[in-house]
Every structure is written in C-alpha cells, then in structure tokens.
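In what follows, a structure is listed as structure tokens, so that the remarks can point back to it.
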Amino acid sequence: MKRIPRNDDDDGGGLDSLLDTMTNVVGILVMVLIATQLGVKDAVSRISESEVVDAEMVEAARQELLLTKTQRDTIESQLNNLKPVDDREIQVKLADLRRQVQENRAKLDQQNTVANQFALKIEADTKKADEAKKKIREIAESKAKREALQVDLKKALEDEASLKAMLDETPEQKIVPPKVVTLPDPRPAPEGARQVTFLCANNRVYPIAADDWRDSIRKRAEFIVASRQLDRGPAVGVDPEKFMKEFKKANRRLSDEFFEVEIYAAGIYPRLTFTPKENAGATLAEVEKPRSRFQRVLAALDRTKYYARFIVLPDSYEVYLSARAVADQAGILSGWDPQGTGWQYTTHLGGPILFGPKPPPNPNAKPAPPSKPANVID
C-alpha cells in the first residue's frame, strides 16, 4: 500500500538518506579492510611457502619499514608541538604584548607631537623666508626707483643750468603796462541811440554793416519774386527752393570787405548769415595804432547818437580789450556779448517775403506788456 508523504516527514527522509550513505561508506571500508587483511595473509603465506627469498624484495621491505617509522616519528613530533601550553604563560605573553603595544603607541604619539612641532617651525621659517624675500624685492625696487630719481634729478639740474644760461643770454624785456579792465555796469542804451556792431573773431575786429546789407538784399529778393512770379499767394507763400535757385543765379556772390553774406530759409522766414573773412578785419596792432582805419571809424561816430556793441568769440578776447579801450578813450558807450566757439552772426531779412502761410493770430492772446529796455552797454 502506497503511503502519501506529509510535510512533517521531509526532515526524516533527509536523515534516512544520510544514514544510508554512511552505512554504505562503512561497509565499503570494512570490505577494503578485509581485502587488505586477506591480501597480507596471502602474501605471508606465499612468502613462507616459497623456498627462495629475493634479497631485493627484503631490502625494499626494510626501506619501506624505515620510511614508515620516520613518518611516524615526524607525526609524533608534530603532535607533541601541538600539545596545549599552560594558560598562565599565554596570559603573561598577552600582557607583555599589550604593554609593548602601549609603549609603541606612546612613542608614536610622542613622535607625532615632535613632528607637529617641526611642521609648525618649518611653517614659521617659511613665512620668515617669504618676508625676507619680499623685503629684498622691496629694497631692489627702492634702489631702482632711487636710481631713476637720481637720473631725473640730474636731468632737471642740467635743464635748470641750461635755462639759467639762456636767461643770462636773454636781454631784459620791458615790462608791458597792465591792462585796466573796469567792472561791468549793465544798463540800457540812451533813448534814440543806434547800435554799431563789431564782431571780434580770429583775433580781429570786423565791423558789421547789417542794415545796409539787409536793405540791399531785400530789394533784390523782392525783385526776383515779382519778376519770376514766385509768390503763390498768402495761403502758400513763396517756394523756397525755386527762390534760392533764382536768387543765386542772379546774385552769385554776396560779399564786402569783411564778410561773405548768404541768404537762407529759417522756417517761413528768410534770414542772412555773415561769415568773416580770415584775412580781413583789424588786427591787434591796427586797433592799437593811432589814426588807424579802426580808430578813424570810432572817431567819426557821433557819441550822442551811436553806441558800440562788441560780439566776442573765445579766441578774440585780447583784441576786444584793446578795441574797448579805444572806444572808451573816444567817449563812445559800449557793451559786449560773449559767445561760444563756432558761433555765427545771423539776422532777419524783413519784408513781405514768406516761405509759407503766415500763422494766424491767436484770438485769445493777451496784449504783451511793454518790454523793458535791454541792457546793451556796460
């Protein structure tokens, strides 16, 4: 009858297999032992029954016996060495080893302390060496700077000696009389007095005849507009491009002794610009020279009807001071108007010519209060 295995029989089956295996091994060993005994017995019987004994076999057996004895002695010696020693001796040896470990550890700590001290000393010595190198470099740089300063000092002394020699050879110069500049006193011009304008540029004095040019050019412009029929009515005005083309065709150059004059459009209004000629105008020497043309012009002005206005550019302040001194000596009231570099004198043309419709008046505009007279003299 077949038995159904249960889960709790698994361990028992494993032990049964192990017991079977061990039984088989023991049986095999017993059989080998029996066979060996039988073989030995048979060999002894054969040797005893043999009448002739082989000497070589006897010698071989003896050598084998000796080898077996030697092996036994060796094994016994090894077994004796493996005998357990006294436990107290082991404890002593362990204590001795612990002591040696502690001593070695203390020596190692001491050596580490010494090594750290040496490391700190080496670091301090390195810093000192770096500072010494830095001082050496600073000394070398100071030496180089000192040598350079000595070279500069030597050159300066040589230049001073050269300048002193040149000064000794230079004749004495006369002291230039100081220029007296009065403080300005801005105020309006006398009522009814007319302005005479002078432009101080290129370190020269240029008289500007703006009124004469304005009248002359206005008449020419009105003639061209009428003859060429350029006026397109008050709603449009005069075409500026056509006007400029026709005006320049009829008047290729506008100039006098002192200025180049040009007409141009500024919005809807024609204006004039005056560009001074480089080699014209009164120089500083001519201004200061008695009875020069400039002084004769000032002397011819009626001091009760005219006053002078000097427009001064930065490069002509010196000539202005001289011209102003001449005007003061002539008893002519004067004023000045400083301007920046590149400034150019311009003025309106006036008249009916407009390059576009005239802006309508503002119906809500309030009447402007009477203007205060400008301070044009000082």
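The values are calculated or read from the model by the stated rules, or taken from the named source; none is laboratory data. Computed from a prediction, not measured in an experiment: that's the story for all the values here. For neighbour counting, all protein chains shown are included, and Cβ atoms are generated from backbone atoms with ideal geometry for every residue, glycine included.
Structure data summary
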quantity: Any hit, region 289-299, residues being surrounded by fewer than 16 Cβ atoms within 10 Å (Cβ to Cβ), over 30 Å from ILE263 (Cβ atoms), of a type in the set (A, V, I, L, M, F, W, C) and in the same structural domain as TRP213 (by TED's automatic domain parsing); calculated: yes
quantity: Complete set of residues in region 351-378 that are free of Cβ contacts under 8 Å to residues at least 40 places away in the same chain and either surrounded by 10 or more Cβ atoms within 10 Å (Cβ to Cβ) or among the polar types (S, T, N, Q) (or both); calculated: ASN362, ASN364, SER371
quantity: Identity of the residue in region 251-279, modelled with pLDDT of 90 or more and aliphatic (A, V, I, L, M), that ends up farthest from ARG214 (Cα to Cα); calculated: ILE268
quantity: Region 209-259 - residue that is surrounded by 13 or more Cβ atoms within 10 Å (Cβ to Cβ), of a type in the set (Val, Ile, Thr) and out of contact with any Leu (no Cβ under 6 Å at 6 or more places or on another chain) and, of those, nearest to ALA308 (Cα to Cα); calculated: ILE217
quantity: Test: residue in region 319-326 that is within 18 Å of ILE208 (Cα to Cα), in contact (Cβ under 8 Å) with a residue 60 or more places away in the chain and within 50 Å of the chain's Cα centre (by Cα); calculated: yes
quantity: Residue among PRO270, PRO276 that alone is under 48 Å from the mean Cα position of the chain (by Cα), in the same structural domain as ALA210 (by TED's automatic domain parsing) and either crowded, with 20+ Cβ neighbours inside 10 Å or within 30 Å of VAL319 (Cα to Cα) (or both); calculated: PRO276
quantity: Per-region count, region 341-373, residues part of a loop (DSSP other than H, G, I, E, B) and either charged (D, E, K, R) or under 17 Å from ALA210 (Cβ atoms) (or both); calculated: 8
quantity: Tally, over region 330-345, of residues that are exposed (fewer than 14 other Cβ atoms within 10 Å of the Cβ) and in contact (Cβ under 8 Å) with a residue 40 or more places away in the chain; calculated: 1
quantity: Tabulated pairs, region 198-218, first closer than 12 Å to THR275 by Cα and of a type in the set (Gly, Ala, Ser), second at pLDDT 90 or above and assigned to a helix (DSSP H, G or I), C-beta under 6 angstrom, 6+ apart or interchain; calculated: ALA201/SER316
